[in-house]
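One structure below.
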Amino acid sequence: MTNRLYYADPYLQAFDATVTAIDRAIDRTVVTLDRTAFYPTSGGQPFDTGTLAGLRVIDVFDQEDGSIAHVLDRSAEASRSNDPTMEREPSGERIAIGQIVHGEIDWARRFDHMQQHTGQHVLSAAFEHLFHVRTVSFHLGADVSTIDLAREMTAEEIAAAEREANRVVWEDRPVTIRFASAEEAAKLPLRKEPQREGTLRLIEVERFDLSACGGTHVARTGAIGIIAVAAWERFKGGQRVEFLSGRRALDRLGSLRDSVAASVRLLSVLPQELPGSIERLQQEVKEQKRSSSALQLELAAYRADRLAADAAVIRARTGVAQDHSVRLVGRAIDADAGALKALAMAVVAKDGYVAVLTSAVQPAIVVVARSADVPVNAQQVLAKLTAQFGGRGGGKPELAQGGGLDAQPETILAAARDALTSST
């Protein structure tokens with residue numbers, strides 16, 4: 001059983017402890033101590049990092065016997081001992097069972113976690129106080145943290161809870177630690193039912209929240225700085241709320257400030273005018289797309305006339321009693337799928353045509369279309385091409401489209417002509 005120093009003093013940054021066990025696997029060294037200030041992953045809060053006997057601690061986790069395992073970075077070792085109970089530091093000194101070693105916590109990471117976790121207690125309590133909505137779960141991520149609420153909240157309710165939480169933060173209320181038996185805790189107004197039995201560690205935000213929790217927390221709510229709700233979404237019948245506390249909130253504000261400033265410069269508007277300006281730009285883009293589509297159709301009709309004038313007359317096998325004389329337009333064109341389709345449809349708007357158009361680059365895009373009076377199955381023609389050259393596609397008897405064909409345009413067009421003139 002490891003004595004958890006962070007239980008009583010989450011501000012402890014350095015400590016000395018005795019090594020009680022060492023386990024060296026192929027890719028890691030795991031050290032167990034009689035006491036530690038390193039927090040293991042638990043309760044939605046990630047583990048601490050730092051150094052132990054000069055070696056970098058890269059993971060910390062609970063073991064089944066109640067002890068805490070510290071995973072050390074093997075890449076920092078200068079040498080190895082043949083004794084499996086020992087490890088060497090870069091300096092050459094040995095870490096051995098029974099030895100006293102010095103540990104130091106990565107304080108920036110620890111304090112960030114303290115801000116986020118205490119911020120979660122306050123925000124969850126605000127939802128509970130104002131709307132009687134419980135927090136189902138909590139996750140402290142590397143960039144943002146989330147709480148999952150039991151029911152979906154309105155934007156107004158979320159804003160009200162955010163304001164209430166920050167009121168408590170700015171009042172700089174004490175955050176205290178105490179311990180209680182399960183029987184004693186049952187008589188207390190805990191915000192949530194404890195998940196474990198035995199002696200419970202209680203975190204109390206003065207006159208606002210009392211919860212059983214093993215995590216690390218700031219000593220006063222003022223150290224949280226600010227709690228900012230960043231986003232929310234529906235989640236498992238309730239709602240997932242994303243929030244940031246302290247330094248993370250400041251970093252996000254800086255990022256938003258820079259984005260807004262850049263947008264203001266590009267659009268030459270005031271910050272409060274950005275939404276309206278973006279809406280106007282979106283409307284202009286829609287109008288330009290409509291205008292562009294109309295111009296493309298007009299251009300397609302013009303190009304279709306030129307292509308139709310150069311069409312070759314072939315006897316197409318149609319699967320009926322006799323062949324059918326059609327005008328075949330087969331061309332490679334430097335265009336995307338949309339333009340090829342528009343051009344093919346313009347060609348076959350007239351009677352008696354089959355159009356097979358392919359892109360000029362590989363892998364090729366192919367569009368096959370036929371006039372309403374031509375008994376050719378465009379989908380079957382395309383299927384023969386994809387079977388021969390790969391790719392995928394589909395469509396209807398009058399229009400089919402495919403992509404990913406691995407062949408030169410001339411080869412594809414020749415195969416399409418063969419598919420049209422050979423028996424099925």
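A few notes on this one:
- Contact map, region 28-39: first residue in the same structural domain as VAL57 (by TED's automatic domain parsing) and under 10 Å from ILE68 (Cβ atoms), second residue crowded, with 18+ Cβ neighbours inside 10 Å and of a type in the set (Asp, Glu), Cβ cut-off under 6 Å, separation 6 or more or different chains; pairs are PHE38/ASP48; TYR39/ASP48.
- Yes/no for ARG265 being assigned to a helix (DSSP H, G or I) and either over 30 Å from VAL229 (Cα atoms) or touching a Leu at 6+ places or on another chain (Cβ under 6 Å) (or both): no
- Against the test of being of a type outside the set (S, T, N, Q) and assigned to a loop (DSSP other than H, G, I, E, B), the options ALA355, ALA349, ALA339 yield a single qualifying residue, ALA349.
- Among residues of region 362-418 being part of a loop (DSSP other than H, G, I, E, B) and small (Gly, Ala, Ser), the one that is surrounded by the fewest Cβ atoms within 10 Å (Cβ to Cβ) is ALA372.
- Within region 210-251, being β-branched (Val, Ile, Thr) and in a strand (DSSP E or B) holds for ILE227, VAL229, VAL241.
- Qualifying residue in region 406-418 (condition: within 24 Å of GLU298 (Cα to Cα), among the aliphatic types (A, V, I, L, M) and more than 45 Å from the chain's Cα centre (by Cα)): no
- Residue match in region 297-314 (condition: loosely packed, with under 13 Cβ neighbours inside 10 Å, outside any helix (DSSP H, G or I) and not hydrophobic (A, V, I, L, M, F, W, C)): yes
- When the test is whether a residue is surrounded by 11 or more Cβ atoms within 10 Å (Cβ to Cβ) and not assigned by TED's automatic domain parsing to the domain that holds LEU357, LEU328 does not pass it.
The values are calculated or read from the model by the stated rules, or taken from the named source; none is laboratory data. On a predicted model such as this, the values are computed, not experimentally measured, just so you know. So basically every Cβ, Gly included, is an ideal-geometry build from the backbone, and we count neighbours across all protein chains shown.
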